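Have a look at the structure below, then the notes.
The values are calculated or read from the model by the stated rules, or taken from the named source; none is laboratory data. All of these numbers come straight from a predicted model, not from anything done at the bench. For neighbour counting, all protein chains shown are included, and Cβ atoms are generated from backbone atoms with ideal geometry for every residue, glycine included. Keep in mind that these areas ignore ligands, DNA and RNA; they rest on the heavy atoms of the full protein, side chains included. Shrake-Rupley method; radii C 1.70, N 1.55, O 1.52, S 1.80 Å.
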Amino acid sequence: MYHDRPGSYADLSVARRCFSGRRRPPEVRPILAAQSRAVALADGVSARTTPRARTWVVAEVLAVSGLLIVATLARLPELLAIPAFTDEVEEIALGLAILRDGLRPLTNVDPYIGPLWNYALAGLFWLLGPSITIPRALVLTTGVLTVLLTYLLGRVWYGRRVGLLGATLLGASAAHTAVNSHIAWSNCVTPVFTTAGLLLIAYALRDDRPRLLPWAGLLLGLAFHTHPTAMPILMAAGLVVLISQRRWLAGPWPYIAALVGVAANANLIIYNLLTGGRTFSYAQEVQSSYEHEVGESTGYLGRLADLLVGLARALGSALDQRDSLLAYATDPLVLVAVTLLLGGLIVTVRRRSWLPILAVATSILTLPLVNPKYDPILEVRYLAPILPVCLLWIGLGLEWLGSGHRDDLRRPVGRGRSRLAALADQPTGTGRVVLAALLTTGLIVGSLAALSRYYDDVRENYRTGARILEVVATARQKGPAAQPVVLDQRLDKMSLGPGAGIVLRVLHLALDLDGVPSKIEWLGEERPHDARPGQLVVLAARSKPQFTAEAVAGLGLRAINGGTARVHSQASRYGLYQFGPATSATAGGKAGAAVATPAGKGSVTVAAPPAKGAAGPPTTQGKPAAVTRPPSGAATGTARSARNVH
């Protein structure tokens, strides 16, 4: 390990203590003399290389700053639109309740997650004012910070070039951008804490500084606080201390680190003492729902295989669903990423750098015990804590490929070696550099292209959050005359696609954060008695297009500009309208004609239904579920889209 190298931090600290003493033992004098000569030589070299070192520092700062700017620019497009708002709105609503209602939860919405994320959102809402933009802007910031920490971690483990390569690959990662830098889940900020914790442990091992362990314990404890998927990283940190620094156990620092990590999750401990272990029972419920969602359990080996495939897809930017494993295995980007990953792993094993190996190994071996889902979109968050390490291994493979035989380019020409043979070696080494550069470019461009294709697919299927923002902007623009916005209660059964949040709750929260009042009503085909002309309405699509057109006509809805309403399509799930002037047909429910124009299908004339035929809410529907602010750690009991609990 790092502390075994000559001239390590421990050796220099001992020398300093010896130099500072007035009386020096005779056996120490030769060592001090040697150190003195070494220090004098180092001072001479330092005086000559200081300008060059400063140049390298400036170049490093510029390179990393540019990388962070590019990573930010890659994450800004579609930040609020793709993926469509998920059940993250429940965590956001809990943060809003902390601010407005004085709620002080011990857990997040899911009781196996701590409330750090909710309190952070509440603090930003208090500081900047409530906005639907803040949660996703915060998760974007943590995603970019993870890129910086990845560079620093790679710099400690493998050097500047590998750190820069790994951070660049993470900055361009389609999976990390679309999920861990866009979705405002607590789980999406876990990697920033795990990477920072690994970085401190790497510094502690390199410099033989066990005093850094308590800070690492705090960061890793907070990582577990954000989601239990950080537990394998905690296990790896403990194992590496036992393997490589067992003598640290004679001191207090490892134990202080453990206590600090536990203290960071004291709220979860208190909650489970008060609820009889609700965290564990709820976790079992979630695991059962996952198994039910994916079908019968395939056992540990099947889950392990799914994890490895999901990891390969995330590294190779294969975001789309394909028919078979062979389709992924023949993907060039996946093949290149996996090959370079294995090359970097081999180099890491030869160097006996156990911390990254244990971090990845414990995660791969333990996660299949509790989770069967690892698709790159949405479920990649479970693998996100080890993505920085894996991408650093890919960077290490690229660095080895490009400069592993760099000395061949400088090999002197000897007697038994002709100048022609020496020149023949140069293209080989240059070719390796060119190949490494091409592979790096291919991985980056391929990842960004995959992200663009994913965005296009989501837009084509109307599964974006852009229309949510349009509703809020329109309601704010039209002002009090169009408020409160009427939300169709049928939206409580609709989502914008797999993993997306319930439309009613997303709309209600987005309007609430923007200060726009709204109310939920069951909209049949009869105009509500208190409807005002110009009041905005969000109408859910019916089971068939003609039923939606009849509802638009019966309710007397108009387009936002006051013209004839064009009925929204089934794929868009809902449409934004305003109530038109009341007529005898719409107000009294008597027979009459009303016109609605379905989008792209020409005009159709439908008869407004009589009042006695108007549909009402079924008794099984219950009370409308506006965005619920759940009590501390309690399961909300509300159905989530595709059981997308996290």
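Relative to the current alpha-carbon distance between residue 73 and residue 269, full extension at 0.36 nm per residue lengthens the span by 66.5 nm. Maximal additional length on extending the residue 445-residue 461 stretch stands at 3.3 nm, based on 0.36 nm per residue less the C-alpha distance. The mean accessible area for residues of the range 499-539, using a 1.4 Å probe and ignoring ligands and nucleic acids, is 29 Å² per residue. Couplings 3J(HN,Hα) for the range 254-260, derived from phi with the Karplus relation 6.51 cos²θ - 1.76 cosθ + 1.60 (θ = phi - 60°), are x, 6, 5, 4, 5, 5, 5 Hz, where x marks Gly and Pro.
Carbon-plus-sulfur accessible fraction, the range 430-524 (probe radius 1.4 Å, protein heavy atoms only): 58%. The simple spin-label model puts a point 7 Å past each Cα toward its Cβ; for residue 58 and residue 300 those points are separated by 5.7 nm.
By accessible area, using a 1.4 Å probe on protein heavy atoms only, the range 283-389 has 64% of its surface on carbon and sulfur. Under 5 Å from the amide H of residue 502 lie the amide H atoms of 641, each residue being 5 or more positions distant or on a separate chain, with H modelled from the backbone and absent for Pro and chain starts. Largest first and in whole Å, the equivalent-ellipsoid semi-axes of the range 83-183 read 31, 14, 12, each the square root of five times a Cα gyration tensor eigenvalue. Per residue, the accessible area of the range 203-299 comes to 51 Å² when a 1.4 Å probe rolls over the protein heavy atoms.
The trypsin sites (Lys or Arg not before Pro) of the range 290-382 that DSSP puts in a loop, and whose beta carbon has at most 14 other beta carbons within 10 Å, are 322, 352. Converting phi to 3J(HN,Hα) with the Karplus coefficients 6.51, -1.76 and 1.60 and the offset θ = phi - 60°, the range 384-389 yields 4, x, 9, 4, x, 5 Hz in sequence order, with x at every glycine or proline.
How charged is the neighbourhood of residue 490? Take every other residue with its Cβ under 12 Å from the Cβ of residue 490, and add Lys/Arg as +1 and Asp/Glu as -1.
0
Phi angles across the range 137-152 convert, under the Karplus curve 6.51 cos²θ - 1.76 cosθ + 1.60 with θ = phi - 60°, into 3J(HN,Hα) values of 5, 5, 6, 5, 4, 5, x, 5, 5, 5, 4, 4, 5, 5, 4, 5 Hz, Gly and Pro given as x. Measuring only protein heavy atoms, the 1.4 Å probe finds residue 119 accessible over about 80 Å². Taking a cut-off of 27 Å, what percent of all Cα-Cα pairs in the range 456-588 are separated by more than that? Looking at the range 456-588, the distances longer than 27 Å represent 13 percent of pairs. The modelled label-to-label distance for the pair residue 209/residue 453, using points 7 Å beyond Cα in the direction of Cβ, is 4.5 nm.
Applying 0.36 nm per residue to the separation of residue 255 and residue 349 and subtracting their alpha-carbon distance, the gain on full extension is 31.0 nm. Remark on residue 574: its backbone amide H falls under 5 Å from those of 541, a criterion applied only to residues 5 or more positions apart or on other chains, H modelled at 1.01 Å from N. Taking amide hydrogens as placed 1.01 Å from N in the peptide plane, the amide H of residue 485 sits under 5 Å from those of 518, 519, each at least 5 positions away in sequence or on another chain. Rounded to the nearest 20 debye, the dipole magnitude of the range 193-296 is 660 debye, with +1 charges on Lys and Arg beta carbons, -1 on Asp and Glu beta carbons, and the Cα centre as origin.
Accessible area ranking (1.4 Å probe, heavy atoms, ligands and nucleic acids excluded), largest first, for 225, 529, 508: 529, 508, 225.
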